[in-house]
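J.: Quick one: the structure is below, questions incoming.
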Amino acid sequence: MDALLRSKADKADCQTLLERLRSGNLIGATPTAKATEAFTEPSRNARMTYQVAAFSQADAVKGMAWLKTLPNVCDGFTAVDPSGNKAIAQVVQTSLPKAGDDRFGVRMSMVTTVQGLKTTLALEAAAARIGPNAVSVTNGGLGGAGHADTRQAIQSGAQRLQKVLAGQTPQG
C-alpha cells in the first residue's frame, strides 16, 4: 500500500492526493493543532488514519474546496510506483452523513500488476469541517475500504468535535 501511495501521478492534483493520503492530512494546510490516530487491520492489509485538526478558516474552506474537485480532476489518472510498476487510478465521490458545516468524501482505486499479480488498492478519504476545524479520515488498503467505517468515523468525529467546541465532554 505504501509503495502505491509513493507513486508519481501524471496529474498534479492527483499527486497531491497521493501525498495527502500518505500523510493523513486531507486539508493540506499546516494545522495549528492536531491529534492523529492510526488503526491497522493486518488480516485485510488495511489502515484507518483519523485526524482532528484546527486550521485558519480560510485554509479549512480551501482544503474542503480542493477535496471536492477530485472526482472531476482525478476521475482517471496513471501513476508509477518507485519500482516502476504502472497503476491506473480513479477517484469517485462517496456519500457521507450530514456532519459539521461541510463534508465530502472520495474513494480512490488503484490497479497495478506486481510480479504478475493484479493488485488493487482501495482507499476512502473523507473530511467534515466544523468552522475552522476538520475531522478527516483515510480508510482502506489492499483488502478494500469499509465505507460504513468511514461514514461512522466522520459522523461520530464531527459530533464529538462539536460537543468539545461547545464546552461539553463527549461520552465514550
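The values are calculated or read from the model by the stated rules, or taken from the named source; none is laboratory data. All values derive from a computational prediction rather than experimental measurement. As a convention, Cβ positions derive from the backbone with ideal geometry for all residues, glycine included, and neighbour counts pool all protein chains shown. For accessibility, only protein heavy atoms count, side chains too; no ligands or nucleic acids. Shrake-Rupley method; radii C 1.70, N 1.55, O 1.52, S 1.80 Å.
J.: Would you check which residues across region 111-132 are assigned to a strand (DSSP E or B), open to solvent by 40 Å² or more (accessible area, probe 1.4 Å) and not basic (Lys, Arg) and list them? I'd like the intermediate steps shown before the answer.
T.: Of the residues in region 111-132, the ones assigned to a strand (DSSP E or B) are 111-114, 117-130.
Applying the additional criterion that residues be open to solvent by 40 Å² or more (accessible area, probe 1.4 Å) yields 111, 113-114, 117-118, 120.
Listed by number, the residues that qualify are VAL111, THR113, VAL114, LEU117, THR120.
J.: Just one of (1) touching a residue at least 12 places away in the same chain (Cβ under 8 Å); (2) open to solvent by 60 Å² or more (accessible area, probe 1.4 Å); (3) under 19 Å from GLU124 (Cα atoms) trips up LEU67, so point out which.
T.: (2)
J.: For region 133-158, which residues satisfy the criterion of being assigned to a helix (DSSP H, G or I) and either within 21 Å of GLN57 (Cβ to Cβ) or touching a Cys at 6+ places or on another chain (Cβ under 7 Å) (or both)?
T.: Restricting attention to region 133-158, the residues satisfying the condition of being assigned to a helix (DSSP H, G or I) are 147-158.
Those that are assigned to a helix (DSSP H, G or I) and either within 21 Å of GLN57 (Cβ to Cβ) or touching a Cys at 6+ places or on another chain (Cβ under 7 Å) (or both): ILE154, GLY157, ALA158.
J.: Take the residues of region 21-46 that are touching a residue at least 24 places away in the same chain (Cβ under 8 Å) and under 19 Å from GLY100 (Cβ atoms): which is surrounded by the most Cβ atoms within 10 Å (Cβ to Cβ)?
T.: LEU26
J.: Still on this structure: Using the structure shown, decide if THR49 is modelled with pLDDT under 95, more than 21 Å from VAL111 (Cβ to Cβ) and open to solvent by 30 Å² or more (accessible area, probe 1.4 Å).
T.: So THR49 fails the test.
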